[in-house]
Amino acid sequence: MDESELAPAVRSILDAARARTHDGERLSVEPRSLTDAFAAAEADGRVPLIAEVKPTSPTTDGTREVDPVAAAEAMVAGGAAALSVLTEPAHFGGSTETLERVREAVDVPVLRKDFVVREEQLDAVEADVVLLIARFVDDLDGLLAAARDRGFQVLVETHTRQEVARALAAGADVVGVNNRDLGKLEVDLETFESVAPEVPDSVTTVAESGISTRDDVRRMRAAGADALLVGSAVMDDTPDAIRENTRDLT
């Protein structure tokens with residue numbers, strides 16, 4: 001990876017991720033099934049949606065002050081099949097404590113959204129699913145295996161056909177295609193349409209980023225998305241608004 005191609009904000013996030021250490025005990029988790037949650041949503045006539053509890057990010061203005069547990073409960077009430085919780089503290093306002101509180105409050109699978117780059121970082125907090133970003137993980141095979149050894153399900157995030165090939169070679173069974181280029185922080189829904197055909201039908205495919213309307217949902221589903229990961233479009237200032245925003249996309 002040529003880090004000179006990364007946006008300054010992304011380089012800063014990556015540097016912070018590499019500097020983070022964790023000295024706790026090795027985790028062993030009993031996860032709630034992400035694919036079962038997607039299937040249950042489909043059976044109920046809902047679009048399988050991973051709604052993201054997202055206080056802030058380098059691509060949004062300001063910070064949402066709504067309580068993250070209240071936000072999470074509103075997302076589930078609005079029909080979200082699963083949740084994503086940011087645990088990156090410096091740039092996204094997340095924390096492992098927030099994930100713990102959310103996971104205790106809901107009964108759907110919870111994804112840990114962070115920049116995990118080393119095995120020890122997997123042990124920071126229990127979750128049902130962990131995110132591994134192919135672009136930033138040197139030993140994807142090893143880190144994927146280490147996550148599964150602890151009981152985690154793994155969403156491997158990609159952005160290019162080459163990254164999809166690498167994810168599949170590592171054994172990924174849930175592959176995300178991020179419409180946001182983390183090098184430039186630019187979003188283009190055509191990314192998923194171009195890259196998703198590289199993912200076989202036997203692998204669960206998640207469209208990420210840039211999805212804000214029902215038309216976007218239909219477009220991603222038509223392009224082969226089994227599920228969608230949505231953050232900014234559902235977050236709002238009150239639980240009622242978050243519930244309705246989630247319902248609008250499911």
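For the chain, there are no membrane-span-like helices by this rule, meaning no whole DSSP H stretch whose C-alpha atoms cover at least 20 Å of axis and whose Kyte-Doolittle mean is -1.0 or above; this says nothing about an actual membrane. Report summary: the helix-based calculation at 222 nm, which adds -39500 (n - 2.57) for every DSSP H run with n ≥ 4 and divides by the residues of the chain, gives -10500 deg cm²/dmol.
Extension gain for residue 21 to residue 141 (0.36 nm times residue separation, less C-alpha to C-alpha distance): 41.1 nm. At an R0 of 22 angstrom, the distance between the Cβ atoms of residue 100 and residue 40 translates into a FRET efficiency of 0.35. In terms of surrounding Cβ atoms within a 10 Å radius of their Cβ, 184, 113 rank from fewest to most as 184, 113. Extension gain, residue 240-residue 9: 0.36 nm per intervening residue step, less the Cα-Cα distance, totals 80.0 nm. Farthest towards the positive end of the charge dipole of the chain, among the residues 76, 231, 200, is the Cα of 200, using unit charges on the Cβ of Lys, Arg, Asp and Glu.
Can you figure out the FRET efficiency of residue 248 with residue 184, using R₀ = 25 Å and their beta-carbon distance, to the nearest 0.05? Step by step, r from the Cβ atoms, then E = 0.30.
Seen from all directions on average, the range 3-249 presents a Cα convex hull projection of 11.8 nm².
Relative contact order of the chain: 23 percent, from C-alpha pairs under 8 Å at least 6 residues apart in sequence.
Here the spin labels are modelled as points 7 Å beyond Cα on the Cα-Cβ line, and at residue 222 and residue 28 they lie 4.9 nm apart. Dividing the Cα radius of gyration of the range 135-175 by its Kirkwood radius returns 0.93 for Rg/Rh.
Size descriptor for the range 82-174, Kirkwood hydrodynamic radius: 13.4 Å (Cα pairs only, one decimal).
Here, each number is a calculation from the coordinates, and none is a lab measurement. Note that this is a predicted model, so its numbers are computed, not measured. Reconstructed Cβ throughout: ideal geometry from the backbone, glycine too, with neighbour counts over all protein chains shown.
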